[in-house]
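The values are calculated or read from the model by the stated rules, or taken from the named source; none is laboratory data. The shown structure was predicted, so the numbers you read here are calculated from the model rather than taken from an experiment. Cβ placement follows ideal geometry from the backbone for every residue including glycine, while neighbour counts extend to all protein chains displayed. Ligands, DNA and RNA are stripped out before the accessible areas are found, and what is left, the full protein with its side chains, is counted by its heavy atoms. Shrake-Rupley method; radii C 1.70, N 1.55, O 1.52, S 1.80 Å.
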Amino acid sequence: MSDPSLHLTDLSYFPGCSLESSARESNISLMEAAGILGLNLIELEDWNCCGSSSANILDKEIAFSLAVRNLSLAPAHRPLMAMCPRCLYHLREAHQRLAREPETLRAQERRWGRPISLDLKIIHFLEVLVRLGPARLHQGLVRNLNGLKFVPYYGCTLFRPPSLRQGTYYQGELGNVLTMLGGEPLTRALTHRCCGSFLSAARADVVTPLVNEILASAVAVGAECLVTSCAMCQLNLEIRCTWDPRLPVFHFSEILALALGAEDYEGWFTRHLVDPRPLLAARKLIA
Amino acid sequence: MNPPKAALKLWSADNRIVLAEQDRFLARDIQRLSGTNLNRCYHCRSCGNACPFIRGMDYPPNAIIRLVQYGLRRQALESHTIWICVGCHTCSVQCPMGIDIAAIMATLRRLALEEGAMIAETNILDFHREVLHSIKQYGRAHKLGIMLRYKARVHQWFADLDVGLRMLAKRKMDLKASRVQAIDEITRLFIPHWKR
Ligand code: SF4
Ligand code: SF4
């Protein structure tokens, strides 16, 4: 995974169901930030759902095949990049199983009628940024975040499940990247507490107090907002919080793109349930 | 959906261990199916202290392991805990013995479905079914469709209506589903091989 020969200009990009719909603002801002950094994100042609928690719970084999179809669509010569931590997890887990079980690999290749490369690199956007290095970020910096106090909220999945723990550990990098852009990370809040995932839909009564706890922990350390790498976390934190005053919750890509000088932020921020514009205006980050 | 009564049901009178009901091979089976050595658990309860969802559970995670060790198959498969568990792995990060508790829960859920056990959290199961239905239809999860069908299934049209409406107003739920072009590649996965 820490292969230095990895070229980070052309990347296959797997958006996933959330970024395609409910979190479109994350998708758009990601594309923009990537463009400014000189990355060419090529959306994976005709991708499908990564398998998701639900499919994995009901039928592991269908979920596995769903993940593998995506792998069969990815050209081997460029890394496959995901933004959603759960998608990353399911894609990587499927890839690891294919490497362990040659007979399954052959069966899946026959099923899809396409070769599947065991050398395919599956990476998260955060890893791409870390590999690009601070110099590139500094070059692109247009709007210094001016000490914006944020809680880097990772949620439960990014780099935590056993199959994501192999390879380089990118713990803390969300905070590091935004610090480089002038933000001030506050890490003593509940940065890795699970957002409630699918329970948010079926057992909101269980999730609401937990989300409130996460938000309260951010307020307690003096944060002005939370920044998260997961679109589902962002949604759950926004819709399940019953606590006042509400802190804005940003997609990581939004803050990144904003710092890199993106101008069409109006369209992203109007999609938030908690309007972040007053905070950003007070901080003189937007007009 | 019955809200779970008290945590640690293990000690309540209706859960006295009936030897005749014990399944001697349960621990071995779960161990093999989940790829996790649950004999290493020494019931320190770190997992339960870590789990964010413990309040929604009837048994804390280590009690589920205990049920399995005792061979109390029905109690384990019919617990709320296995459905409330979202697989966030917070517990396994804390576990001093490196036990993959989420994998044990996943295995128990699978057995519960395969054996037609009484499902303690039918709403959660219904939600998963609707997600899978959407994937079968479009190849992707279509949130609005999932929520509408889920609400119809559980007859709770007005619960959470405000959240739904706010999401619609912010266009967080698209009316039209984004779909996979080669949809037959997806739907084929859902047909048993002997019918294809
Ligand atoms: S943390 Fe590990 S050893 Fe301790 S009770 Fe839980 S599963 Fe058992
Ligand atoms: S994986 Fe399940 S049992 Fe473990 S902490 Fe998460 S919800 Fe609780």
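Residues in the range A:70-102 that are open to solvent by 10 Å² or more (accessible area, probe 1.4 Å) and more than 19 Å from A:L44 (Cα to Cα): 6 in all.
A:I62 meets all of the listed conditions (1) assigned to a loop (DSSP other than H, G, I, E, B); (2) hydrophobic (A, V, I, L, M, F, W, C); (3) more than 21 Å from the chain's Cα centre (by Cα); (4) more than 30 Å from A:A259 (Cα to Cα) but one, namely (1).
Sub-6 Å Cβ pairs linking a first residue in the range B:83-104 that is facing chain A (nearest Cβ under 8 Å) and hydroxyl-bearing (S, T, Y) to a second residue that is within 8 Å of ligand 2 (Cβ to nearest atom) and not in a loop (DSSP other than H, G, I, E, B), at least 6 apart or interchain, are B:T90/B:A50; B:S92/B:I101, ordered by first then second residue. Entry remark, the range A:21-51: residues being within 15 Å of A:A231 (Cα to Cα), surrounded by 22 or more Cβ atoms within 10 Å (Cβ to Cβ) and within 11 Å of chain B (Cβ to nearest Cβ) number 6 in total.
Do the conditions hold for A:A257, that is, is it among the hydrophobic types (A, V, I, L, M, F, W, C) and under 21 Å from A:L215 (Cα atoms)?
Values: among the hydrophobic types (A, V, I, L, M, F, W, C): yes; under 21 Å from A:L215 (Cα atoms): no.
It is false that A:A257 is among the hydrophobic types (A, V, I, L, M, F, W, C) and under 21 Å from A:L215 (Cα atoms).
Would you check which residues across the range B:94-109 are more than 10 Å from ligand 2 (Cβ to nearest atom), of a type outside the set (A, V, I, L, M, F, W, C) and either at pLDDT below 95 or not in a helix (DSSP H, G or I) (or both) and list them? Hits for the range B:94-109 are B:P96, B:G98.
Would you mention how many residues in the range A:204-219 are open to solvent by 10 Å² or more (accessible area, probe 1.4 Å) and at the interface with chain B (Cβ under 9 Å from one of its Cβ atoms)?
So the first thing to find is which residues in the range A:204-219 are open to solvent by 10 Å² or more (accessible area, probe 1.4 Å), and the list is A:204-206, A:208-209, A:212-213, A:216-217, A:219.
With at the interface with chain B (Cβ under 9 Å from one of its Cβ atoms) added as a condition, the list becomes A:204-206, A:209, A:213.
Within the range A:204-219, residues that are open to solvent by 10 Å² or more (accessible area, probe 1.4 Å) and at the interface with chain B (Cβ under 9 Å from one of its Cβ atoms) number 5.
If we scan the range B:141-163, do we find a residue that is among the basic types (K, R), at pLDDT 90 or above, more than 16 Å from ligand 1 (Cβ to nearest atom) and within 29 Å of A:P15 (Cβ to Cβ)? I'd like the intermediate steps shown before the answer.
Going residue by residue through the range B:141-163, those that are among the basic types (K, R) are B:143, B:149, B:151, B:153.
Then keep just the ones that are at pLDDT 90 or above; that gives none.
Scanning the range B:141-163, I find no residue that is among the basic types (K, R), at pLDDT 90 or above, more than 16 Å from ligand 1 (Cβ to nearest atom) and within 29 Å of A:P15 (Cβ to Cβ), so the answer is no.
Which of the following residues is of a type in the set (K, R), in contact with a helix residue (DSSP H, G or I) (Cβ under 7 Å, 6 or more places away or on another chain) and touching a residue at least 24 places away in the same chain (Cβ under 8 Å): A:R160, A:R203? Walk me through how you get there before you give the answer.
Working: A:R203 fails: touching a residue at least 24 places away in the same chain (Cβ under 8 Å).
Of A:R160, A:R203, the one residue that is of a type in the set (K, R), in contact with a helix residue (DSSP H, G or I) (Cβ under 7 Å, 6 or more places away or on another chain) and touching a residue at least 24 places away in the same chain (Cβ under 8 Å) is A:R160.
Looking across the range B:23-71 at every residue that is within 11 Å of ligand 2 (Cβ to nearest atom) and polar (S, T, N, Q), the one that is surrounded by the most Cβ atoms within 10 Å (Cβ to Cβ) is identified as B:N62.
Looking only at the range B:30-74, count every residue that is more than 14 Å from chain A (Cβ to nearest Cβ) and either without any contact (Cβ under 8 Å) to a residue 12 or more places away in the chain or within 15 Å of ligand 1 (Cβ to nearest atom) (or both) and tell me the total.
24
Here's the yes/no breakdown for (1) crowded, with 18+ Cβ neighbours inside 10 Å; (2) more than 14 Å from every other protein chain (Cβ to nearest Cβ); (3) polar (S, T, N, Q); (4) closer than 30 Å to B:I104 by Cα:
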{"position": "A:T104", "(1), (2), (3), (4)": "no, yes, yes, yes"}
{"position": "A:D119", "(1), (2), (3), (4)": "no, yes, no, no"}
{"position": "A:I122", "(1), (2), (3), (4)": "yes, yes, no, yes"}
{"position": "A:L126", "(1), (2), (3), (4)": "yes, yes, no, no"}
{"position": "A:L132", "(1), (2), (3), (4)": "no, yes, no, no"}
{"position": "A:V142", "(1), (2), (3), (4)": "no, yes, no, no"}
{"position": "A:Y170", "(1), (2), (3), (4)": "yes, yes, no, yes"}
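Can you go through B:K172, B:K143, B:K176 and tell me which one is in contact with a Ser or Thr (Cβ under 7 Å, 6 or more places away or on another chain), free of Cβ contacts under 8 Å to residues at least 60 places away in the same chain and open to solvent by 30 Å² or more (accessible area, probe 1.4 Å)?
Working: B:K172 fails: open to solvent by 30 Å² or more (accessible area, probe 1.4 Å); B:K176 fails: in contact with a Ser or Thr (Cβ under 7 Å, 6 or more places away or on another chain).
Within the list B:K172, B:K143, B:K176, the selection yields B:K143.
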